[in-house]
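The values are calculated or read from the model by the stated rules, or taken from the named source; none is laboratory data. Remember, it's a predicted structure, so these values are computed and weren't measured experimentally. So basically every Cβ, Gly included, is an ideal-geometry build from the backbone, and we count neighbours across all protein chains shown.
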Amino acid sequence: MSLIELHHVDLGHGSHIVLPDLSLTIRRGERVALLGRSGVGKSTLLEMLRQQLANQVAWCPQADSLVPTLSAYHNIYMGRLEQFSRWRNVINLLRPFKQPWQDINALGAELGLEEVMRRQVDQLSGGQRQRVAIARALYQNKPTFVGDEPVASVDPHQGARLIELIHTRHETTIVALHQRELALAHFERIIGLDAGRIVIDAPSHTLDPDTLDALYQTV
């Protein structure tokens, strides 16, 4: 079953078209990695997917968009702000409720964040902040995960573990990456973008690192 279908659409920002005449189908249950140099349109495509799929999507943007003066706990809790009343959210800010505290701590433990849940995120390392952003997306409990470089600030071993955690919690995963090895090892389908076009769209088992490296060559 198709999750989204695009037929000859132009994607961009206002009058600036980044991906002209784009056709693409993504099916439910797929694990899709988007590869390509910075500026080729990965973020533009992900933003469109996020908007089209709306409340089906757990969104993890490239800029973590965390509130620096709030704790890791409160930043993760923000993934479900819209599910609760304004007053409940204010009270939870002052004194966390028992159930979300337990749920978020359990999630934080899976991500290695159990020791920093009360710390402000501006006191955390880049890798810790990235894991907080992933935890916030996971806490939304949506069927589809859309992420823009969600593991760019962690080492490859930790990145692989985080991607597998994301997979286990979502029916469909669509993630932009720069790490070719992670894409080949942990995603079923790879889409490569270059010069505003899809130049690779194939099962990962049919590709190799040399083929993917061509996406990053400059003329």
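Close contacts from the stretch 155-178, counting a first residue that is charged (D, E, K, R) and a second that is at pLDDT below 95, with Cβ to Cβ under 7 Å and a gap of 6+ residues or different chains, come to none at all. If you check residue 121 against the conditions, is it surrounded by 17 or more Cβ atoms within 10 Å (Cβ to Cβ), touching a Pro at 6+ places or on another chain (Cβ under 9 Å) and touching a residue at least 60 places away in the same chain (Cβ under 8 Å)? No; evaluated as a whole, the condition is false for this residue.
Among residues of the stretch 1-45 being charged (D, E, K, R) and part of a loop (DSSP other than H, G, I, E, B), the one that is modelled with the lowest pLDDT is 37. All conditions but one from (1) under 14 Å from the mean Cα position of the chain (by Cα); (2) assigned to a strand (DSSP E or B); (3) farther than 21 Å from residue 53 by Cα apply to residue 173; the one that does not is (3). Filtering the stretch 46-86 to residues that are of a type outside the set (A, V, I, L, M), outside any helix (DSSP H, G or I) and either crowded, with 19+ Cβ neighbours inside 10 Å or at pLDDT 95 or above (or both) leaves 59, 60, 64, 71. Looking only at the stretch 124-151, how many residues end up being more than 17 Å from residue 72 (Cα to Cα), part of a loop (DSSP other than H, G, I, E, B) and touching a residue at least 40 places away in the same chain (Cβ under 8 Å)? Summing the residues that are more than 17 Å from residue 72 (Cα to Cα), part of a loop (DSSP other than H, G, I, E, B) and touching a residue at least 40 places away in the same chain (Cβ under 8 Å) in the stretch 124-151 gives 4. Taken together, the residues in the stretch 160-179 that are in contact with a Ser or Thr (Cβ under 9 Å, 6 or more places away or on another chain) and at pLDDT below 95 amount to 1. Per the listing 91, 17, 26, the residue uniquely aliphatic (A, V, I, L, M), surrounded by 15 or more Cβ atoms within 10 Å (Cβ to Cβ) and over 17 Å from the mean Cα position of the chain (by Cα) is 17.
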